[in-house]
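Here's the structure, in structure tokens; my notes come after.
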């Protein structure tokens, strides 16, 4: 959906949230991993992606609308487009979640009796 001045604030927030979710999935991050990386709670990421109304962001959107800057969000966070290989791999299906990073082998030294902890 194209972001335009005719959309309500709620519709713009929902669209931006969906685009944030798409960008997160394209970076192969879970909501928890993104929250940790951004220094926010997982619930905050969930709220942003769902487009739940946030007072500060709603005010920001109103100011941008008043200044005629709302269309610039289109370049700030464009709709995610998978590459040609990803399109073939997905066979028309939309990717729904990120796999996250797999834990590597534990490289800590094994503790033995008699050693200090």
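Between residue 113 and residue 94, what length in nm is gained on full extension when 0.36 nm per residue of separation is reduced by their alpha carbon distance? Don't skip to the answer; put the middle values down first.
Details: separation 19, 0.36 × 19 = 6.84 nm, distance 5.30 nm.
Length gained, residue 113 through residue 94: 1.5 nm.
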Averaging sequence separations of C-alpha pairs under 8 Å and six or more residues apart, then dividing by the length of the chain, give the relative contact order as a whole percent.
37 percent
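Rank these for me by crowding, 1, 85, going from fewest to most other beta carbons within 10 Å. Mind showing how you got there, number by number?
Values: 1 11, 85 8.
Ordered by Cβ neighbours within 10 Å, fewest first: 85, 1.
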Residue among 42, 89, 101 with the largest mean-square fluctuation in a Gaussian network model of the chain, springs linking Cα atoms under 10 Å:
89
Stretch residue 77-residue 42 to full length: gain in nm at 0.36 nm per residue minus the Cα-Cα span?
10.5 nm
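Rounded, prolate or oblate: which fits the chain, taking a ≥ b ≥ c as square roots of the Cα gyration tensor eigenvalues, rounded meaning a/c under 1.5, else prolate when a/b beats b/c? List each step's numbers first, then the result.
Details: a/c = 3.77, a/b = 1.82, b/c = 2.08.
Oblate.
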Counting only helical runs of four or more DSSP H residues, what would the 222 nm mean residue ellipticity of the chain come to if each run contributes -39,500 (n - 2.57) and the total is spread over all its residues?
-14500 deg cm²/dmol
Sorted by Cβ neighbour density within 10 Å, fewest at the top, the residues 62, 93, 19, 47
93, 62, 47, 19
Can you give me the angle between helix 9-26 and the longest principal axis of the chain, using Cα atoms only, in degrees from 0 to 90, rounded to the nearest 10?
30 degrees
Hey, what angle do you get for helix 55-66 against the long axis of the chain, alpha-carbon based, 0 to 90 degrees rounded to 10?
40 degrees
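Laboratory data are not the source of any read-out in this text; all were calculated from the coordinates shown. Quantities reported herein were computed from a predicted structural model and do not represent experimental measurements. Ideal geometry is used to build each Cβ from the backbone, glycine not excepted, and the neighbour counts take in all protein chains shown.
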